[in-house]
1. Using only alpha carbon pairs under 8 Å that are at least six residues apart, calculate the relative contact order of the chain and give it in whole percent.
2. At a 1.4 Å probe radius, carbon and sulfur cover how many percent of the accessible area of the chain?
3. Across 5 Å bins from 0, what is the distribution of all Cα-Cα pair distances for region 44-89, in whole percents?
4. Give, in nm to one decimal, the length gained when the segment between Lys26 and Ala80 is fully stretched (0.36 nm per residue of separation minus the Cα-Cα distance).
5. Can you find, among Pro28, Ala50, Leu78, the residue sitting farthest towards the positive end of the charge dipole of region 12-114, where Lys and Arg contribute +1 and Asp and Glu -1 at Cβ?
6. How large is the helix-only mean residue ellipticity at 222 nm for the chain, computed as the sum of -39500 (n - 2.57) over DSSP H runs with n ≥ 4, divided by its residue count, in deg cm²/dmol to the nearest 500?
7. Compute and list, largest first, the equivalent-ellipsoid semi-axes of the chain from the alpha carbon gyration tensor, each √(5λ) rounded to a whole angstrom.
8. How do 73-79, 28-34 rank on mean C-beta neighbours within 10 Å, highest first?
Amino acid sequence: RFNHHQLDAFRVAKQALVEGEALAVKLPRGYATLADQVRRALLHAYLGVAEAASRAGADRQARFRAALGGASEAAAGLEAMAALRLVPETKVAPVSALLSRLCAMLSRLSGPRR
């Protein structure tokens, strides 16, 4: 097993990735940029958690902070989808809740802010 398999944050990031992708593929034509941005942010958070898990010290904390940025960006992208009425809020809310949970975990894992 890899170090990231031991983290609940990795499992939450994976679930958000899968559920967020399901929303991104349903965006209407003309919103490819938004779909791509959300996909990349979700993937950044997911891969960032895995990368951070194999690091130590300040490097580990910095990688968790970077993953936190990706999770926050993905959440904002999903909020944009709902605000633009491209995806119903009822579909966005569960993924936003996962990302909120992930952000709380990553905030803790990344240590105190400077």
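1. Rounded, it is 32 percent for the chain.
2. Roughly 55 percent, rounded to a whole number.
3. Once binned at 5 Å, the Cα pair distances of region 44-89 give 6, 25, 20, 14, 12, 9, 8, 5, 1.
4. Additional length available on full extension: 18.0 nm.
5. Ala50
6. Value at 222 nm, helices only: -26500 deg cm²/dmol.
7. Equivalent ellipsoid of the chain: 26, 13, 12 Å, largest first.
8. My ranking of the peptides, most packed first, is 73-79, 28-34.
The values are calculated or read from the model by the stated rules, or taken from the named source; none is laboratory data. Everything quoted here is computed from the prediction, not taken from an experiment. Every residue, glycine among them, receives a Cβ derived from its backbone with ideal geometry; neighbour counts consider all protein chains shown. For accessibility, only protein heavy atoms count, side chains too; no ligands or nucleic acids. Shrake-Rupley method; radii C 1.70, N 1.55, O 1.52, S 1.80 Å.
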